Amino acid sequence: KVIQIYDTATLTKISEIAGSSMSDTTWSPDGSKLYVAKFKSSVQAELITFDVTTGSNLGSMTFGKSGQSWQLNTLDDGRILANGVSSHAWVLDPNASTARVIYDGATATALADARDGTIWTAVGSTLRHLDVETGTVLATYTVGGGFPTSLVLSPDGRWLYTVTSTNLIVIDTQDGSERVRIPLITSSGAAVTLSADGRTVFVNSGTGSAT
């Protein structure tokens, strides 16, 4: 696989990163580095740090287990949240090369950073609100009618957007109540994201389709 980095204003290619078995990517808070999760061996995954401008490899660290479809999110302090299918949620520090499981009680198939030292995770139909540092479960809610495959929070943290194989669902984070449910094209791997201002929701709801 090859990752090509472009300037969005000019559509000029900045750099190119070649590799294999890449799972997901995320940016450093200042946009100068790109973090890539990939399979290192049959028993470990690897987080590699690349310089965005040159594409050069700045270093790597191992964590978790291989064989997972890892998803990455960047915390404001530069640490990385990582989760994979049938895996725990991890917090990775690429500067100190440390990795730890946030919560031992359950795996996390999807997660969202709340930008306040907490995260939301999903496994099966269960949503959990967790403290990143202590792993304390702050709240637990259940999603009806399907298993969330992707999560994202509104900029103010009030609304949690999640998608199942058939629906986009909006959850009120204050009480866990479902406020909106919109049918989607059936998909086994739907993903959701928000515009920067939180006014537009984008959903990948099937091969070659988006809403």
note = Residues of the range 86-105 being surrounded by 14 or more Cβ atoms within 10 Å (Cβ to Cβ) and either in a loop (DSSP other than H, G, I, E, B) or in contact with a helix residue (DSSP H, G or I) (Cβ under 7 Å, 6 or more places away or on another chain) (or both), in sequence order, are Ser87, His88, Ala89, Pro94, Ile102, Tyr103
request  = Among the residues of the range 159-203, write down those that are within 27 Å of Leu138 (Cα to Cα), in a strand (DSSP E or B) and without any contact (Cβ under 8 Å) to a residue 40 or more places away in the chain.
outcome  = Trp159, Asn167, Ile169, Val170, Asp172, Glu178, Arg179, Val180, Arg181
query = Do you know which residues across the range 144-158 are without any contact (Cβ under 8 Å) to a residue 24 or more places away in the chain and under 16 Å from Leu194 (Cβ atoms)?
reply = Arg158
message = Return the residues of the range 1-30 that are in a loop (DSSP other than H, G, I, E, B) and open to solvent by less than 80 Å² (accessible area, probe 1.4 Å); say none if nothing qualifies.
response = Gly19, Ser20, Ser21, Ser28
Members of the range 13-54 found to be without any contact (Cβ under 8 Å) to a residue 24 or more places away in the chain and hydroxyl-bearing (Ser, Thr, Tyr), listed by number = Ser20, Ser21, Ser32
note = Given (1) closer than 22 Å to Asp93 by Cβ; (2) at pLDDT below 90, Pro29 misses just (2)
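The values are calculated or read from the model by the stated rules, or taken from the named source; none is laboratory data. The model shown is predicted, which means the values in this text are computed figures rather than measured ones. Virtual Cβ from ideal backbone geometry, glycine too; neighbours counted across all protein chains shown. Accessible surface areas use protein heavy atoms only, side chains included; no ligands, DNA or RNA. Shrake-Rupley method; radii C 1.70, N 1.55, O 1.52, S 1.80 Å.
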